[in-house]
Amino acid sequence: MSIIFELYLAFKYINSSNEAEALFGITTLMEGIIGAIGLFLTAPLTGHRLRFKPEQFQKYNSHTIFRAAIILGVLLVIQMIFQYIPLTIRDEDVAIAIVFAAPAEESFFRGFLMSFFLYMSSKTPTKKIRFFSFFSISILELMGMALSSLLFSFLHVNYYGNMNLLVMVFFSGLVLCIFFWKWRDLTALILAHLFLNIWVVGKYFWMVYF
């Protein structure tokens, strides 16, 4: 669904004579493309079959909800540290794009990109770096976190319009990568990211109209 919304907005605005609207169209096109890549390529990397219609719906998983709540809490703390409303939301279409970007971004940056590095790490013996005394991580996994977070922040250049604020996005992406590395729970990440974007949009409209 998120891919459909992003591509719809892309084709609606990409040929606009207004430069800002055309740039928005390009951004949503990129969101749709990375979402599609994540959707089709994550399943083979994780050993799952891609199904557009599930054979049966999964039961309520309290662990996933708990993990999503923890991730959301950490992301909100990062937002509070930077004390910044990330962007000016021009209209409802931009708000829709922000909200539905979350599943597309998580499918690609964590679902596909991080899964690729995790898969390569499992197949290729590499040096592990120990942090403190309770966990260690391979060089390939660290590279995956860094690359995923860097590309994640670059994607948000058109949304934020301020390179300094991309540091916040980079750290948020790094946190999401760490949680994915720890739990391998993409659903929890999507839920946390989705609710974060809803919170950002809701907070902006509340401040503007109320």
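The values are calculated or read from the model by the stated rules, or taken from the named source; none is laboratory data. This one's a predicted model, so the numbers in the text were calculated from it and none came from an experiment. Every residue, glycine among them, receives a Cβ derived from its backbone with ideal geometry; neighbour counts consider all protein chains shown.
Among (1) in contact with a Leu (Cβ under 7 Å, 6 or more places away or on another chain); (2) buried (at least 17 other Cβ atoms within 10 Å of the Cβ), where does residue 108 come up short? The number of the failed condition is (1).
Which is hydrophobic (A, V, I, L, M, F, W, C) and either assigned to a strand (DSSP E or B) or modelled with pLDDT of 85 or more (or both), of 87, 50, 23, 45? Selected residue: 23, the only one of 87, 50, 23, 45 that is hydrophobic (A, V, I, L, M, F, W, C) and either assigned to a strand (DSSP E or B) or modelled with pLDDT of 85 or more (or both).
Here residue 136 passes the criteria (1) more than 14 Å from the chain's Cα centre (by Cα); (2) among the small types (Gly, Ala, Ser); (3) closer than 20 Å to residue 27 by Cβ except the one numbered (3). Could you list, in sequence order, the residues of region 1-16 that are outside any helix (DSSP H, G or I) and touching a residue at least 60 places away in the same chain (Cβ under 8 Å)? The answer is 1, and nothing else.
Close contacts from region 175-196, counting a first residue that is part of a helix (DSSP H, G or I) and a second that is among the hydroxyl-bearing types (Ser, Thr, Tyr) and surrounded by fewer than 20 Cβ atoms within 10 Å (Cβ to Cβ), with Cβ to Cβ under 7 Å and a gap of 6+ residues or different chains, come to 187/64; 188/64.
Across region 155-210, the qualifying residues are those that are more than 14 Å from the chain's Cα centre (by Cα) and charged (D, E, K, R), and the one among them that is modelled with the lowest pLDDT is 203.
Within region 1-50, the residues that satisfy the criterion of being of a type in the set (Gly, Ala, Ser), closer than 20 Å to residue 113 by Cβ and crowded, with 16+ Cβ neighbours inside 10 Å are 2, 32, 35, 36, 38, 43.
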